[in-house]
Amino acid sequence: MELREIEKEDFFQCLNYEKIPDRDNYLIMYSSFLKGYVKDPELMLVPVDDHMVHRGDGVFDVMRCVDGNIYQMEAHLRRLEDSARAIDLKLPPEYSEIRSIIKELVKIAGVRDCLIRVILSRGPGSFSIDPFDCPYPYLYVIVTRYKMPPKGYYVDGVKAITTRIPMKHPFFAKIKSCNYLPNVLIKMEAKRQGCEFAIAIDEAGFILEGPTENVGVVGEDRVLRFPKLNRTLPGITVQRLYELSERLIKANIINDRRFEDIHIEDAYRAREIFLCGTSIEIIPVIDMDDRIIGSGKPGEVFRVLNDALFNDMKGNPSLLTEVF
């Protein structure tokens, strides 16, 4: 292959060289690198010496705008700041205006239903591992169209597998960092086995989480259990579902709800299993490792919690930040 030098006058022509799938859904991006925003996906670039790129040295969070209102924005920003604090990543100066930046970007994008990804990186500086080579941190905010998973996932349920790919140490599991290699490999294993979802288990056989999803299990005793958050990412959605599930106890749909260890053998015998997260909401699992879960159909706990979450996302003013 003969290499050619790309100079400044050729650069923008080269950006059109290859079309990448899904980029039409990238609506707008702010970056410290540009000190402004761009709407052309081909201009949504990151410096190659940003430590986030070559070391995974950064943290991020993702929130939803639902019909013109951002759902649980404050909870997502708190988790982002907790992640940054855990790796001693200083907040860039413009982060003090993060709320107005997010809302303004969504307004400019002009889409009432979207995902907002906020990234804090150590910033550019060198290709070494030394974080002190980076003189200042960077902020990136990207707004993309929201793409709901297929309707059949919610109507019919999904198949999942368990994976033996080791998950992160508890210290790192609680940080939403840009180093997602274990998560990527878990997703790859699921796809290669013909399904979309996989759940990690630890060396003792206890359920942890999916690559981007928390897990809920309704046991034979009608207790709704979630894996302990000291070993998994503290999901914003799963914590809200825990709060919303109190009404299921009052309605005698479940006997209790807890964060505790769940062994895989108990999960196989469960009445219901579901996955949850910002981008998927709640998805029922009706088959795990080729074992039918419960009746083999989405169950009552899923249906009631799904309705409760939908109503919360649409009509709980205490958790909604108005944009439009």
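Coordinate-derived values only; no laboratory data. Quick caveat, the model's predicted, so the values are computed rather than measured. Backbone-built Cβ (ideal geometry, glycine too); neighbour counts: all protein chains shown.
List nothing, just return the count: lysine pairs in the stretch 63-213, 8 or more apart or interchain, with Cα separation under 20 Å.
Number of lysine pairs found: 14.
Tell me which chymotrypsin sites (Phe, Trp or Tyr not before Pro) from the stretch 1-67 have a DSSP coil assignment and no more than 11 other beta carbons within 10 Å of their own.
TYR17
From the helices alone, meaning DSSP H stretches of at least four residues, give me the mean residue ellipticity at 222 nm for the chain, per-run term -39500 (n - 2.57), in deg cm²/dmol to the nearest 500.
Computed ellipticity for the chain at 222 nm equals -8500 deg cm²/dmol.
Using the Cα gyration tensor of the stretch 12-145, with a ≥ b ≥ c the square roots of its eigenvalues, what is the shape: rounded (a/c below 1.5), prolate (a/b larger than b/c) or oblate (neither)?
Note, shape of the stretch 12-145 comes out oblate.
Taking the Cα centre of the stretch 1-48 as the origin, how large is its charge dipole in debye, to the nearest 20, when only Lys and Arg (+1) and Asp and Glu (-1) carry charge on their Cβ atoms?
Magnitude of the dipole: close to 300 debye.
Loop only per DSSP, at most 12 neighbouring Cβ atoms within 10 Å: give me the GluC sites (Glu not before Pro) in the stretch 1-89, ordered by residue number. Working shown, then result.
On the way: sites: GLU2, GLU5, GLU7, GLU9, GLU18, GLU42, GLU74, GLU81; in loops: GLU2, GLU5, GLU7, GLU18.
Taking the stretch 1-89 and a limit of 12 other Cβ atoms within 10 Å, the loop GluC sites (Glu not before Pro) found are GLU2, GLU5, GLU7, GLU18.
Could you tell me which of rounded, prolate or oblate describes the stretch 151-315, using a ≥ b ≥ c as the square roots of the eigenvalues of the alpha-carbon gyration tensor, with rounded for a/c under 1.5 and, failing that, prolate when a/b is larger than b/c and oblate otherwise?
In terms of gyration-tensor shape, rounded.
For LYS35, give me every one of the lysines with a C-alpha distance below 16 angstrom, ignoring sequence neighbours fewer than eight places off in its own chain.
none
Among ILE101, GLY299, ILE129, pick out the residue whose Cα is farthest towards the positive end of the charge dipole of the chain, where Lys and Arg carry +1 and Asp and Glu carry -1 on C-beta, about the Cα centre.
It is GLY299.
How do PHE274, PHE226, PHE127 line up, fewest other C-beta atoms within 10 Å first?
Details: PHE274 29, PHE226 24, PHE127 13.
The most exposed by this proxy come first: PHE127, PHE226, PHE274.
Nearest 0.05, what FRET efficiency do LYS147 and GLU2 give at R0 = 56 Å with Cβ-Cβ as r?
Once the sixth-power term is evaluated, E becomes 0.90.
Give the shape of the stretch 97-212 as rounded, prolate or oblate, defined through the alpha-carbon gyration tensor: a ≥ b ≥ c are the square roots of its eigenvalues, a/c under 1.5 means rounded, and otherwise the shape is prolate if a/b is larger than b/c and oblate if not. Present the calculation step by step, with values, prior to reporting the outcome.
Numbers: a/c = 2.74, a/b = 1.23, b/c = 2.23.
Verdict is oblate for the stretch 97-212.
Please give me, ordered by residue number, the trypsin sites (Lys or Arg not before Pro) of the stretch 69-143 that lie in loop per DSSP and have at most 15 other Cβ atoms within 10 Å.
Of the trypsin sites (Lys or Arg not before Pro), the ones in loops of the stretch 69-143 whose Cβ has at most 15 other Cβ atoms within 10 Å are LYS90, ARG112.
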